[in-house]
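The values are calculated or read from the model by the stated rules, or taken from the named source; none is laboratory data. All of these numbers come straight from a predicted model, not from anything done at the bench. A quick note on method: Cβ atoms are made from the backbone with ideal geometry, for glycine too, and the neighbour counts reach across all protein chains shown. We work out accessible area using only protein heavy atoms, side chains counted, and drop any ligands, DNA or RNA first. Shrake-Rupley method; radii C 1.70, N 1.55, O 1.52, S 1.80 Å.
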Amino acid sequence: MIYLDHAATVSLCPSALEAMLPYLTAQCGNPSALYESGRRARQAVSRARREIAETLGCLPEELYFTSGGTEADNWALLSMAEAARARGEAPFLVSAAIEHHAVLETLRYGKETGLLDYALLPVTGDGVAALSGLDALLAKRPALVSCMGANNETGALQPLGELLARCRERNVPLHSDLVQVYGQLPLKSLLGEELPDLFSVSAHKFGGPKGVGFLYIRRGLAVGALLHGGSQERGRRAGTENVAGIVGMAAAAKVAFAEMAESGEKKRVLTELFFRLLREELPAVYRNGSETARLPGHLNLCFPGVSAELLLILLDQAGIAASAGAACASGALEPSHVLLAMGRSEKEARASIRFSFGAENTEEEVRKAAQIVTNCVKGLQEEQNV
Ligand code: PLP
């Protein structure tokens with residue numbers, strides 16, 4: 001199989017597996033326990049917290065381990081809304097139309113249950129959140145602004161630095177879903193020297209295990225718990241810690257940060273090669289999202305007149321893994337809300353596929369994949385013309 005879906009998930013990196021094994025076997029103690037194996041597990045969690053904090057230049061106490069990006073997003077949004085309500089305000093949140101479902105569905109849930117109200121920033125045709133209407137929204141004193149660092153479908157980088165500066169001017173907290181950014185790009189390139197007040201990270205996007213991530217909460221920010229129960233994570237996130245997962249995430253983070261520049265460049269070269277090869281054979285193909293301000297391994301392509309769903313099936317049969325949109329309840333593909341928000345028609349959205357490259361992809365794989373995609377697209381075009 002040629003795996004071109006690294007934005008969805010990547011395999012566990014060997015050093016993460018090695019670091020995790022003891023905590024899945026002999027060192028299986030509960031970090032809350034007082035005896036030896038519990039103490040060791042507790043120490044391992046603390047070490048992992050320090051190691052991840054080092055990658056961010058933040059305090060270890062500002063990191064709260066979660067079950068992944070979805071939980072971290074839910075926690076940030078719902079608890080900031082609750083905090084506003086507790087202050088006697090009507091919680092109002094601002095986000096962007098291209099956010100991941102972990103943010104958009106949480107907002108929808110919050111609105112449906114009467115917990116919060118929200119507005120979404122529109123996006124440009126390049127897939128970047130448009131800040132022209134921001135001042136009017138900030139004047140409403142939102143409980144939180146939430147904007148992702150880079151979009152998972154197009155890879156388009158978002159104007160986080162400017163957003164953070166404008167939120168700070170108005171004293172409005174900013175949350176960012178950095179699931180696609182952490183471990184891929186230096187945060188400084190998006191944010192300068194500062195960090196958002198809250199941000200979400202997921203381990204399985206950068207070589208850690210699935211089912212673990214963290215929420216960064218700036219020290220001193222009043223954020224209540226999402227999960228209630230034991231006193232883990234300083235009373236803010238109940239539940240026995242996923243020790244092996246946390247240790248694996250820290251090990252993967254170290255590798256991802258050490259190799260970031262080199263693997264970023266490799267992904268960029270492979271992505272551009274693939275696009276160039278496809279364009280030579282299929283000149284009508286075009287890229288969705290910013291040409292320049294984007295993650296190095298993301299390539300979202302529209303194949304005009306071709307059904308992305310059929311193309312994905314053919315590619316799967318030919319041994320290529322890529323993705324498009326999100327499956328709806330019937331299993332069929334919904335047109336991507338991201339592409340629709342960018343002004344693409346439903347037809348264009350249904351003809352678009354995301355290829356996402358990893359540093360372990362080879363030039364040979366890319367050339368082979370480009371050939372297979374070309375053949376499949378030409379085959380579908382011929383069938384449709386018949
Ligand atoms: N946010 C973004 C931008 C993502 O790409 C993903 C994963 O697809 C998530 C959130 C959800 O993260 P997790 O799979 O850890 O729940």
Turns out the helices (runs of 4 or more DSSP H) fully within region 276-386 with at least 2 residues that are among the acidic types (Asp, Glu) are 308-317, 346-349, 363-385
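What number of residues within region 1-25 satisfy the criterion of being assigned to a loop (DSSP other than H, G, I, E, B), open to solvent by 80 Å² or more (accessible area, probe 1.4 Å) and out of contact with any strand residue (DSSP E or B) (no Cβ under 9 Å at 6 or more places or on another chain)?
Step one: of region 1-25, the residues assigned to a loop (DSSP other than H, G, I, E, B) are 1, 4, 6-13, 25.
From what's left, open to solvent by 80 Å² or more (accessible area, probe 1.4 Å): 1, 11, 25.
This time we only want the ones that are out of contact with any strand residue (DSSP E or B) (no Cβ under 9 Å at 6 or more places or on another chain), so: 25.
Count: 1.
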Scanning region 171-222 residue by residue, the ones that are small (Gly, Ala, Ser), away from the ligand (no atom under 11 Å from the Cβ) and open to solvent by less than 40 Å² (accessible area, probe 1.4 Å) total 3
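In region 51-85, how many residues are away from the ligand (no atom under 16 Å from the Cβ), assigned to a loop (DSSP other than H, G, I, E, B) and touching a strand residue (DSSP E or B) at 6+ places or on another chain (Cβ under 8 Å)? Break it down stepwise before answering.
If we filter region 51-85 for residues that are away from the ligand (no atom under 16 Å from the Cβ), which is where we start, we get 51, 53-62, 79-85.
Among the residues that remain, those that are also assigned to a loop (DSSP other than H, G, I, E, B) are: 57-59.
So of that shortlist, the ones also touching a strand residue (DSSP E or B) at 6+ places or on another chain (Cβ under 8 Å) come out as 58.
Counting residues in region 51-85 that are away from the ligand (no atom under 16 Å from the Cβ), assigned to a loop (DSSP other than H, G, I, E, B) and touching a strand residue (DSSP E or B) at 6+ places or on another chain (Cβ under 8 Å) gives 1.
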The correct count of residues that are open to solvent by less than 70 Å² (accessible area, probe 1.4 Å) and in a loop (DSSP other than H, G, I, E, B) in region 101-130 is 8
Checked against (1) among the aromatic types (Phe, Trp, Tyr); (2) closer than 18 Å to Ser202 by Cβ; (3) open to solvent by 80 Å² or more (accessible area, probe 1.4 Å), Tyr35 satisfies every condition except (2)
Per the filter on region 359-386, residues closer than 19 Å to Asn300 by Cβ and either aliphatic (A, V, I, L, M) or in contact with an Asp or Glu (Cβ under 9 Å, 6 or more places away or on another chain) (or both) are Val366, Ala369, Ala370, Ile372, Val373, Thr374, Val377, Leu380
Residue check: is Ala48 within 15 Å of the ligand (Cβ to nearest atom) and either hydrophobic (A, V, I, L, M, F, W, C) or in contact with a Leu (Cβ under 6 Å, 6 or more places away or on another chain) (or both)?
no
*Does Glu105 meet the test of being without any contact (Cβ under 8 Å) to a residue 12 or more places away in the chain, away from the ligand (no atom under 16 Å from the Cβ) and within 25 Å of the chain's Cα centre (by Cα)?*
no
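Being touching a residue at least 24 places away in the same chain (Cβ under 8 Å), closer than 24 Å to Leu277 by Cα and either open to solvent by less than 60 Å² (accessible area, probe 1.4 Å) or not aliphatic (A, V, I, L, M) (or both) is true for just one of Leu333, Leu380. Which residue is that? Explain how you work it out, then say what you get.
Working: Leu333 fails: closer than 24 Å to Leu277 by Cα.
Step by step, each of Leu333, Leu380 is checked, and only Leu380 is touching a residue at least 24 places away in the same chain (Cβ under 8 Å), closer than 24 Å to Leu277 by Cα and either open to solvent by less than 60 Å² (accessible area, probe 1.4 Å) or not aliphatic (A, V, I, L, M) (or both).
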Selection from region 255-286 of residues surrounded by fewer than 18 Cβ atoms within 10 Å (Cβ to Cβ) and charged (D, E, K, R) yields Glu259, Glu262, Glu265, Arg268, Glu272, Arg276, Arg279, Glu280, Glu281
